[in-house]
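S.K.: Next up is a structure, given as structure tokens.
The values are calculated or read from the model by the stated rules, or taken from the named source; none is laboratory data. In this text the structure is predicted, and so the values were computed from the model without any measurement. Positions of Cβ are generated from backbone atoms using ideal geometry, with glycine treated the same way; all protein chains shown enter the neighbour counts.
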């Protein structure tokens, strides 16, 4: 018999205690505390919307001692016309912005990802460079241009740039997604006689649905929440959108109807939550499948 014993490798060295992860209950507790800290302003606003105005700052807690739902009825008609009018204005501008961004940004992204033309890399770099320009640098020349076009106090300054591939972030997002699609699909379509537009419309665009959904969700949220541009270009109260209308709850002397303001703020947040929840799956998929090559 062979007296040799088989030696088995023993367990590896234990990791130092400092490298071990936290226990699951501790992680859950920390996540719960972080979520509570982030949600507290939202919960406080919802709580304040159902408090009488005189108790909003007198009782800063979340649980109201007295409930007053009249803030919603007063806030709905406080600005001279129903608040749904401002919701409609914001919805129209946000809807047109989504259509413009998805159409033109996807076209520009296809050109940068699939076509070859002179100064392509330079133009792509300049396009990315516009991401570093703050809106305060651009707003003055834009205002002068739109004044000469007589577009002030209309929705055109907020909508037309979206149909001109204005948002470099979404172009970059779609470029990275299209670069991940196999070029064999383009070659097969080209063999069948498809040109660039048919390849873009029939092949690339349907495969870009995660990136398109991500762009649509972000466009809606950013356009719906945009206050500065809409305040500059919309001066007629009849053209006000939701953010500008909420600002109108403060009068020229600095007095604010806090109860109706918080109530209408809750109403204004409802479409954002709805769009985010509806597009959450596509949003996660679009971000996860968009590589940075």
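S.K.: Given the criteria touching a helix residue (DSSP H, G or I) at 6+ places or on another chain (Cβ under 8 Å) and free of Cβ contacts under 8 Å to residues at least 60 places away in the same chain, does residue 43 qualify?
M.R.: When the stated conditions are applied, residue 43 does not pass them.
S.K.: Based on what the data block shows, is residue 238 more than 28 Å from residue 281 (Cβ to Cβ), assigned to a loop (DSSP other than H, G, I, E, B) and at pLDDT below 95?
M.R.: no
S.K.: Pull up region 53-62, narrow it to residues that are part of a loop (DSSP other than H, G, I, E, B) and touching a helix residue (DSSP H, G or I) at 6+ places or on another chain (Cβ under 7 Å), then point me to the one that is surrounded by the most Cβ atoms within 10 Å (Cβ to Cβ).
M.R.: Per the stated criteria, the residue is 56.
S.K.: Within region 136-145, identify whether any single residue is surrounded by 14 or more Cβ atoms within 10 Å (Cβ to Cβ) and at positive phi, and answer yes or no.
M.R.: no
S.K.: Which of the residues spanning region 214-228 are in a helix (DSSP H, G or I) and either within 14 Å of the chain's Cα centre (by Cα) or crowded, with 18+ Cβ neighbours inside 10 Å (or both)?
M.R.: Scanning region 214-228 gives 214, 215, 216, 217, 218, 219, 220, 221, 222, 223, 224, 225.
S.K.: Among the numbered conditions (1) under 18 Å from residue 78 (Cβ atoms); (2) surrounded by fewer than 17 Cβ atoms within 10 Å (Cβ to Cβ), tell me where residue 249 comes up short.
M.R.: All conditions are met except number (2).
S.K.: Among the residues of region 147-187, count how many are over 18 Å from residue 97 (Cα atoms) and either outside any helix (DSSP H, G or I) or not assigned by TED's automatic domain parsing to the domain that holds residue 207 (or both).
M.R.: Total meeting the criteria: 5.
S.K.: To continue, here is another question. Quickly run through region 154-171 and pick out the residues that are within 15 Å of residue 124 (Cβ to Cβ) and without any contact (Cβ under 8 Å) to a residue 60 or more places away in the chain.
M.R.: 168, 169
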